1. For a quick check, take a GNM of the chain with Cα springs below 10 Å and name the residue from GLU139, GLU178, GLU80 with the largest mean-square fluctuation.
2. Where does the chain land at 222 nm, in deg cm²/dmol rounded to the nearest 500, when only DSSP H runs of n ≥ 4 count, each adding -39500 (n - 2.57), divided by all residues?
3. Could you give the length gained by full extension between GLU80 and ASP151, i.e. 0.36 nm per residue of separation minus their alpha carbon distance, to one decimal place?
4. With a sphere of radius 13 Å drawn around the Cβ of TRP44, what net charge do the other residues whose Cβ falls strictly inside it have (Lys, Arg +1; Asp, Glu -1)?
5. For the range 217-223, in order, what is each residue's ³J(HN,Hα) by Karplus, 6.51 cos²θ - 1.76 cosθ + 1.60 with θ = phi - 60°, in whole Hz (x at glycine and Pro)?
6. Using a Gaussian network for the chain with springs between C-alpha atoms less than 10 Å apart, which of these wobbles most: MET228, MET54, MET81?
7. Taking Cα atoms, how many degrees apart are the long axis of helix 2-15 and the longest axis of the chain, rounded to 10 and kept between 0 and 90?
8. What number comes out for accessible area per residue over the chain if the probe is 1.4 Å? Units Å², please.
Amino acid sequence: MKKLTLFTLLLILAAFAFADTFTIGDGTSATSTNPFYGSYNYGWSKTIYTQAEMAGAGMTAATGITGIGFHVGNTPVAYEMTNQSVYVRHTTATLYETADNTYPDPTQFTLVWTGNATYNGGGWHYISFTTPFAWNGTENIEFLYEYRDGDNPTGYPTFRYTSTTPDYRTVYKGSDTEFPATLTGTRTYSRANIQIITPTTTAPTPAILVSPADAATLVSPLTTMNWMPGTIWPAGYRLFLGTDNPPTNL
């Protein structure tokens, strides 16, 4: 089990190794209602993030969204929430009016991820999309979160949020008996802080030489060459060897 957890963590790290992160919200209080309302067996929530908010976070041009992160405010222990889904769409709405507190039609969204998520400890937890969402750079975006776990043991995660007063930008609904697609949700100002993940636009930094040392002499022709990536990892390296400078032998 520990090996599986570590392997999963490495996959998540690899998925975001070549990514930019944009944070919206800096509140430190926590809510259990969104994005995933763990105190119920089933539920949904929907949230709006405006183009102005995304621009304020540094998203100034159209880009693909490849994942999201939420800041867990408590310290759950290996808590697994199963059968979750994340949908995204463009929207012209900036807030939810009273009539907007119903479950939306998911076919009007792009399904970007479905699966299980394990929350272990506090801090940022990430979901890597299986289908990136192409944000057009000019419109607001709306997320729809669903969970059909069917169980709600104690220890579920809470999520740090920031108030969006005076605009309602989150609606949520939970149920213990069935997925509440026909039930009216509750509007709230408490919207979970989010990190939006996009492909990086920053060039990789140069490699850091480990061995052999620069300008070393009497090095064995069978030596192993070692180097480390810089602060931003590249997708790979090209190695040139030769006496001319710059070398021409790839």
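1. GLU178
2. Values: 2 runs with 20 residues, N = 250.
My calculation for the chain gives -2500 deg cm²/dmol from helical runs alone.
3. Details: separation 71, 0.36 × 71 = 25.56 nm, distance 1.04 nm.
Between GLU80 and ASP151, full extension yields 24.5 nm more.
4. Result for the neighbourhood of TRP44: -2.
5. Once θ is set to phi - 60°, the couplings for the range 217-223 become 10, 6, 7, 4, x, 9, 5 Hz.
6. MET228
7. 80 degrees
8. On the way: 13690 Å² over 250 residues.
Ligands and nucleic acids excluded, the figure is 55 Å² per residue.
The values are calculated or read from the model by the stated rules, or taken from the named source; none is laboratory data. Because the structure is predicted, anything quoted here is derived from the model rather than measured. Every residue, glycine as well, gets a Cβ built from its backbone with ideal geometry; the counts of neighbours run over all protein chains shown. For accessibility, only protein heavy atoms count, side chains too; no ligands or nucleic acids. Shrake-Rupley method; radii C 1.70, N 1.55, O 1.52, S 1.80 Å.
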